[in-house]
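**Student:** I have a structure I would like to understand better, so I am pasting it below and will then ask my questions one at a time.
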Protein chains: 2
Amino acid sequence: MKIESVSVDHFRIPLPVALSDSTHGTMTHSGLITVRIRDGDGMEGVGYTYTVNDIGSRAIRTLIEDDLAPAVLNEDPRDIDRLWEKMWWHAHFCGRGGLVSFAMAAIDIALWDLAGKRAEAPLWRLLGGHRNAVQAYAGGIDLAFSLDALLAQADEFLERGFTAIKMKVGRAILGEDVARAEAMRDKLGDHFPLMADANMRWGVHEAVAAARALTPVGLVWLEEPTIPDDWAGNRRIAEQGGVPIAAGENLHSVYEFEQLIMHTAVSYPEPDAATLGGITPWIKVAHLAQARNLPVTSHGIHDIHVHLLCAVSNGSYLEFHGFGLERFLEVPLVLDNGLARAPDRPGHGVAFIWDRLAEHRVA
Amino acid sequence: MKIESVSVDHFRIPLPVALSDSTHGTMTHSGLITVRIRDGDGMEGVGYTYTVNDIGSRAIRTLIEDDLAPAVLNEDPRDIDRLWEKMWWHAHFCGRGGLVSFAMAAIDIALWDLAGKRAEAPLWRLLGGHRNAVQAYAGGIDLAFSLDALLAQADEFLERGFTAIKMKVGRAILGEDVARAEAMRDKLGDHFPLMADANMRWGVHEAVAAARALTPVGLVWLEEPTIPDDWAGNRRIAEQGGVPIAAGENLHSVYEFEQLIMHTAVSYPEPDAATLGGITPWIKVAHLAQARNLPVTSHGIHDIHVHLLCAVSNGSYLEFHGFGLERFLEVPLVLDNGLARAPDRPGHGVAFIWDRLAEHRVA
């Protein structure tokens, strides 16, 4: 059994509406890099990763074409862990995480998809099968929204069936963050799960102050209060702020998650398979978290993460991400009483509508 | 004052002789990615980075072309630190170090070169000017050499005027490493500075054992005994092994060096400006090291590092790297009684022979 071909495509997808948070400014596009791996039986696995505003996309695609695809071509596609290590060491000098992890992710996800298709099993079953549905939350990217627009968005989320919502914080004036979070709490009721995401906006002292000011709102978590590189600072925020902390979307290796989980008092590790190197390291992070008595949540690509959160026993909330890939999928993920149900189709079950993507292709 | 153009070139340079270490296998090529930045007065700064076996080169070049060059174009080239932060945040989602740091390095080095040319000062003076020469060592990449070849290479190094030598260790049998190091010690005499580099070959226990077995050889340092991601393990090796540790060539951000310097008991932090994001973060790492009572050494691109080690008061050995770029330089760095002298030409003073590089250009 051999990998016969690895084909890469790159699309620049306009967002349905421009989004903003405290770090990435205005986001108008996302980059989508897809990988299709075909084996000797003609079966095909599909993987993908993404970027904000398409930054780095062509570099990721180039790295796959030039360096990673040749490393896996003609290898046995069933040796997923071995091929993951091969890619890691092949690109180690310019890798050890970072952008290389995005490129590895697209290949790794394609290999797992192929494995699921060969086994005629959905990924959540192939990976261990703890349950087949997980509570979802709506990830609002709404820092610049007026209060009215923020609350109107919440109405939309409720109408779509969400039973948990995340909002952005990190405005120039902390009082505005608190007032907006309080208005959301008033609207949603005392027991509705509400999260807030600061996208690394604050210094450590500011973050502690913000967490304390937000404590009465009763957040499920406060996300990325400061940069991930400051392990000791993150620990101080978690210990002194009084609000559970979620973090991890900007970490790109299992080793970085080991630091996060062991040394920062994080409550919700949040690996993103698309930016961490794929499903192989995502599962390892989930296991690390469980060994530390922690749940695991997710960031981005919910069509993949619904399987992963269902496969492990410590799966927590699934982020429904706002990048608007739904219109390019044959069967978008739907909500059922606030739950996202992992599909029973073989592999991850994500089928792109390639014809519709075609107009956004980057040559 | 504005940046008028940023041009990128990529060369695949065959090594004069195939090299090997314990991690990268056989190295036959290196990738060279150059950046030329031109300002409104027509002055030009040159920067560059490199890769092992050319892996990742085209991705680095693509990232510069697509994402980083547009971020600095039309900016004031004198705002080096500001532009560094701008690039860091522009590419943060796929960055935070890793491959993005290679791309940033080429631009940052070009900006510093331009600053030196504008000031009509060599970089070592522009950056602080502690002295104008630094002790060099020859970095042998010789793990697969026979003992005879290893000793013959040492003769060559001595003839070229080197007064310090680094050899590779990490062979399958530790006794061979020890025997080879002892043979080198016998040849070179008791007080000749000899280093050994394991290129992450060992687990922690093995590394402690290797350090203890190598202790009688009297090494200046043992380099990268294990993977850099294991901060606690590196600390244990340094504390229990009994040999000073050098590390850092695989770290790609100041934050990673902060971890290394504060938490691993490292003796010789070893930043590489070409893979760390350039001169701007290299100087910050040198200052961090000094605050911790440590010297700083270097890895790779000795034509740049000679300036940096001369500019700071804690500059230690300069690695003379074996990637063979000399034949493409107008004025290669030379040794003077074992010292490498920082040139007095403005900027870094590295002038590529573009005609000679041309035959190795990658389209």
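**Student:** Assuming a viscosity of 1.002 mPa s and a temperature of 20 °C, what translational diffusion coefficient in µm² per second does Stokes-Einstein assign to the protein assembly as shown, Rh being the Kirkwood radius over Cα pairs?
**Tutor:** Values: Rh = 26.7 Å.
Here the translational diffusion coefficient equals 80 µm²/s.
**Student:** Something else now. From the backbone phi of region A:67-75, what are the Karplus-calculated ³J(HN,Hα) couplings (6.51 cos²θ - 1.76 cosθ + 1.60, θ = phi - 60°) in whole Hz, Gly and Pro given as x?
**Tutor:** 10, 8, 4, x, 6, 9, 4, 6, 8
**Student:** So, one more: Once fully extended, how much extra length lies between B:R78 and B:D336, figured as 0.36 nm per residue of separation less the alpha-carbon to alpha-carbon distance?
**Tutor:** My answer for the length gained is 89.5 nm.
**Student:** According to a simple spin-label model (label point 7 Å from Cα along Cα-to-Cβ), what is the distance in nm between A:D190 and B:E120?
**Tutor:** 7.7
**Student:** Place a label point 7 angstrom from the Cα of A:D344 along the Cα-to-Cβ direction, then list the residues of region A:116-157 whose backbone nitrogen is under 20 Å away.
**Tutor:** Taking a point 7 Å out along Cα→Cβ of A:D344, the residues of region A:116-157 whose backbone N falls under 20 Å are A:116-135.
**Student:** What's the Kirkwood radius of region B:207-363 in Å, using all Cα pairs?
**Tutor:** Working: mean 1/r = 0.0598 Å⁻¹.
Kirkwood hydrodynamic radius for region B:207-363: 16.7 Å.
**Student:** Does region B:91-223 classify as rounded, prolate or oblate by the C-alpha gyration tensor (a ≥ b ≥ c root eigenvalues; a/c under 1.5 gives rounded; else a/b over b/c gives prolate, otherwise oblate)?
**Tutor:** On the way: a/c = 2.69, a/b = 1.57, b/c = 1.71.
Since a/c reaches 1.5 but b/c is at least a/b, the shape of region B:91-223 is classed as oblate.
**Student:** State, as an integer percentage, the relative contact order of region A:221-279 based on alpha-carbon contacts under 8 Å between residues 6 or more apart.
**Tutor:** This gives 37 percent for region A:221-279.
**Student:** Further question: Can you work out which chain B residue has the shortest Cβ-to-axis distance for the rotation that carries B onto A, and give it in Å?
**Tutor:** Taking Cβ atoms only, the nearest residue and its distance are B:G98, 1.
**Student:** Which of the residue pairs B:K86/B:K117; B:K86/B:K166; A:K187/B:K86; A:K166/A:K284; A:K117/A:K284 have a Cα-Cα distance greater than 30 Å in the structure shown? All intermediate terms of the calculation are to be shown ahead of the outcome.
**Tutor:** On the way: B:K86/B:K117 23 Å; B:K86/B:K166 38 Å; A:K187/B:K86 38 Å; A:K166/A:K284 26 Å; A:K117/A:K284 22 Å.
Listed pairs above 30 Å: B:K86/B:K166; A:K187/B:K86.
**Student:** Could you give the distance between the Cα centres of region A:52-117 and region B:17-68, to the whole Å?
**Tutor:** Here the answer is 21 Å between Cα centres.
**Student:** Moving to a separate point now. Please build a GNM for chain B, connecting alpha carbons under 10 Å apart, and tell me which residue among B:S57, B:S253, B:S146 fluctuates the most.
**Tutor:** B:S146
**Student:** Based on the alpha-carbon set only, what is the convex hull volume of region B:321-363 divided per residue, in Å³?
**Tutor:** Working: hull volume 4.1 nm³, N = 43.
It comes to 96 Å³ per residue, whole-number rounded.
**Student:** So, one more: Taking amide H atoms as placed 1.01 Å from N in the peptide plane, list the residues 5 or more away in sequence, or in a different chain, whose amide H sits under 5 Å from that of B:D197.
**Tutor:** B:M167, B:K168, B:V169, B:E223
**Student:** Quick query: amide H of A:L318 versus all other amide H atoms, modeled in the peptide plane; which residues come in under 5 Å with a sequence gap of 5 or more or a different chain?
**Tutor:** Residues meeting the amide H criterion: A:Q135, A:A136, A:Y137.
**Student:** What nm distances, shortest first, do you get from the label point of B:D155 to those in the other copies when the point sits 7 angstrom along Cα to Cβ?
**Tutor:** With the label placed 7 Å along Cα→Cβ, B:D155 yields 8.8 nm.
**Student:** Can I ask one more? Distances from A:E330 to the same position in the other copies: list them in nm, one decimal, shortest first, using label points 7 Å from Cα along Cα→Cβ.
**Tutor:** Here the equivalent label points are 6.1 nm apart from this one.
**Student:** Once B and A are treated as a pair rather than alone, how much accessible area drops out, both sides summed, in Å² to 100, probe 1.4 Å?
**Tutor:** Its buried surface, counting both partners, is about 3500 Å².
**Student:** Sticking with this structure for a sec: In a Gaussian network model over chain A where Cα atoms closer than 10 Å are linked, find which of A:D197, A:D303, A:D76 has the largest mean-square fluctuation.
**Tutor:** Per the Cα network of chain A with a 10 Å cutoff, A:D76 tops the list.
**Student:** Distance between the C-alpha centers of region B:318-363 and region A:170-200? Whole Å please.
**Tutor:** Spelled out, the Cα-based centre of one part sits 56 Å from the other.
**Student:** Nothing charged except the Cβ atoms of Lys and Arg (+1) and of Asp and Glu (-1): what's the magnitude of the dipole of region A:60-210 about its Cα centre? Round to the nearest 20 debye.
**Tutor:** 260
**Student:** For the protein assembly as shown, with only Lys/Arg (+1) and Asp/Glu (-1) charged at the beta-carbon, what is the dipole magnitude about the Cα centre, in debye rounded to 20?
**Tutor:** 480
**Student:** OK, next. Counting DSSP beta bridges with both partners in chain B, what percentage is antiparallel, nearest 5?
**Tutor:** Antiparallel bridges: around 60 percent, rounded to the nearest 5.
**Student:** Which percent of the accessible area of region A:242-363 is formed by carbon and sulfur heavy atoms (probe 1.4 angstrom)?
**Tutor:** About 53 percent, which is the carbon plus sulfur part of the accessible surface.
**Student:** I've got another one for you. Take every Cα pair under 8 Å in region A:29-151 that's 6+ residues apart, average their separations, divide by the length, and report that relative contact order as a whole percent.
**Tutor:** Reported relative contact order: 28 percent.
**Student:** Which whole-number value in Å² is the accessible area per residue of region B:279-363, probe 1.4 Å?
**Tutor:** Result: 38 Å² of accessible area for each residue.
**Student:** Test of understanding: in a Gaussian network model of chain A with alpha carbons linked when under 10 Å, which of A:K166, A:K117, A:K86 would top the mean-square fluctuation ranking?
**Tutor:** A:K86
**Student:** Given the DSSP H assignment, sum -39500 (n - 2.57) over each helix run of at least 4 residues in chain A and divide by its residue total; what's the result at 222 nm in deg cm²/dmol, nearest 500?
**Tutor:** Value at 222 nm, helices only: -11000 deg cm²/dmol.
**Student:** Still on this structure, I have one more. Please report, as a whole percent, how much of the solvent-accessible surface of region A:47-192 comes from carbon and sulfur atoms (probe radius 1.4 Å).
**Tutor:** For region A:47-192, the apolar C and S fraction of the accessible surface comes to 48 percent.
**Student:** Using a 1.4 angstrom probe on protein heavy atoms only, which residues from region B:211-254 are buried by at least 40 Å² of accessible area when all chains are present rather than their own chain alone?
**Tutor:** B:I227, B:D229, B:N250
**Student:** Assuming R0 = 45 Å, what is the FRET efficiency of A:Q290 and B:L147, from their Cβ-Cβ distance, to the nearest 0.05?
**Tutor:** 0.35
**Student:** Which whole DSSP H helices in chain A pass both tests: a Cα extent of 30 Å or more along the axis and a mean Kyte-Doolittle value no lower than -0.5?
**Tutor:** Within chain A the helices that satisfy the rule are A:99-119.
**Student:** How far is B:R12 from the same spot in each other copy, in nm, shortest first, if each label point sits 7 Å from Cα toward Cβ?
**Tutor:** Label point to label point, same position, other copies: 2.8 nm.
**Student:** From the backbone phi of region B:340-353, what are the Karplus-calculated ³J(HN,Hα) couplings (6.51 cos²θ - 1.76 cosθ + 1.60, θ = phi - 60°) in whole Hz, Gly and Pro given as x?
**Tutor:** Values per residue, Gly and Pro as x: 9, 9, 5, x, 8, 5, x, x, 7, x, 7, 10, 6, 8 Hz.
**Student:** While we're on this one: Report relative contact order for chain B in percent, whole number only (criteria: Cα-Cα under 8 Å, sequence separation at least 6).
**Tutor:** Working: 828 pairs, mean separation 72.6, N = 363.
Answer for chain B is 20 percent.
**Student:** Collect residues whose amide H, placed 1.01 Å from N in the peptide plane, falls under 5 Å from the amide H of A:G97; neighbours closer than 5 in sequence don't count.
**Tutor:** none
The values are calculated or read from the model by the stated rules, or taken from the named source; none is laboratory data. The shown structure was predicted, so the numbers you read here are calculated from the model rather than taken from an experiment. Ideal geometry is used to build each Cβ from the backbone, glycine not excepted, and the neighbour counts take in all protein chains shown. Note: accessible area is taken over every heavy atom of the protein model, side chains too, but ligands, DNA and RNA are not part of it. Shrake-Rupley method; radii C 1.70, N 1.55, O 1.52, S 1.80 Å.
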